[in-house]
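The values are calculated or read from the model by the stated rules, or taken from the named source; none is laboratory data. In this text the structure is predicted, and so the values were computed from the model without any measurement. Reconstructed Cβ throughout: ideal geometry from the backbone, glycine too, with neighbour counts over all protein chains shown.
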Amino acid sequence: MRVVLLLSLLIPWCAISQTDSAPKTLQLASTQWCPYVCNEDTGAVVQYVDEILARENIKLTVQVLPWSRAIEQAKSGASDGLLTAGLTEAQALSYTHSPLGYYQTCFIARQDSTWHYQHPLNFNGAILGTVQGYGYGPELDNLIKTRLSSILMISGSNVASRLIGLLNKKRIDIVAIDIREFKWILGSNFIEEMGLKQVGCLAKEPYYLALYPALAGRNQLIDILDVAFALPKNQHRLQQLLEAMYYKQTQRLF
């Protein structure tokens, strides 16, 4: 009986101790990926994660950088981790087990294009534009690793807008881009007006929050985030925030 009583007292204390040992501040690197991350303090995912961490009295700051630099900062410990990361983008980091959400890579081409996505993926002489270091899903990621001459990779800032510009200038034939990001840039009503069309999509893929492996309190923080990200009410909240971002963008465009 004394042992049972002692354990009943210790278990709650241990749970509190684990929660208390999570970091009180979290500095994450990310890149411009609207409507998910638009700058240091806006974007649906920025607000979503900030709300979750605030409930645990954890202060979030986000630094928006070119994607390759954001990954390097997180790997070196200059940042505490990445706000969003696909499964293949930063495997040296410690990922949450529960995904933050899901993205979907789609292919955009000019209206006169005859190319359309089919499995297995084959470009048939067309040039595809991508972003260096991005994860698009296993099928395309595996092709990128082979360094096909038909795949152009760019890096730096404003990469999505630059790829669409290259498409319009006929320097490339197809762009691989998350469909939410594409609609954010142009607005769904402008796709046809820009002389562009969607020509197929890959399967939806999860994205996660990823932490520097040596971050103090990393395991406790991942436990907190795993529970929060898995809750249906929180997943619904993220969808609400994404829709609110689209509404703001629609107001701006019109």
Residue in the range 157-183 that is farthest from residue 106 (Cα to Cα), counting only those that are out of contact with any strand residue (DSSP E or B) (no Cβ under 9 Å at 6 or more places or on another chain) and charged (D, E, K, R): 169
Polar (S, T, N, Q), surrounded by fewer than 15 Cβ atoms within 10 Å (Cβ to Cβ), modelled with pLDDT of 50 or more and farther than 14 Å from residue 245 by Cβ: is that true of residue 8 in this structure? no
Could you tell me whether the range 178-189 includes any residue that is closer than 25 Å to residue 75 by Cα and either in the same structural domain as residue 164 (by TED's automatic domain parsing) or at pLDDT below 95 (or both)? yes
By residue number, the members of the range 131-142 that are crowded, with 17+ Cβ neighbours inside 10 Å and in contact with a strand residue (DSSP E or B) (Cβ under 7 Å, 6 or more places away or on another chain) are 131, 135, 136, 137, 140
Give me the helices (runs of 4 or more DSSP H) completely within the range 70-186, filtered to those with at least 3 residues that are in contact with a Leu (Cβ under 7 Å, 6 or more places away or on another chain) and at negative phi, ordered by residue number. 138-145
Checking the structure you have, find out if any residue of the range 27-50 is among the aliphatic types (A, V, I, L, M) and in a loop (DSSP other than H, G, I, E, B). no
Filter pass, residue 82 being within 17 Å of the chain's Cα centre (by Cα), under 22 Å from residue 223 (Cα atoms), at pLDDT 95 or above and not assigned by TED's automatic domain parsing to the domain that holds residue 154: yes
Out of 128, 121, 87, sole residue that is crowded, with 17+ Cβ neighbours inside 10 Å and either in the same structural domain as residue 195 (by TED's automatic domain parsing) or at pLDDT 95 or above (or both): 128
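Just to be sure before I move on: is residue 92 loosely packed, with under 15 Cβ neighbours inside 10 Å, touching a residue at least 24 places away in the same chain (Cβ under 8 Å), small (Gly, Ala, Ser) and outside the structural domain of residue 197 (by TED's automatic domain parsing) in the structure I sent?
Answer is yes for this residue.
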Let me spell it out: the conditions are (1) touching a Ser or Thr at 6+ places or on another chain (Cβ under 6 Å); (2) without any contact (Cβ under 8 Å) to a residue 40 or more places away in the chain, and residue 186 meets all of them except one. Which number is the exception? (1)
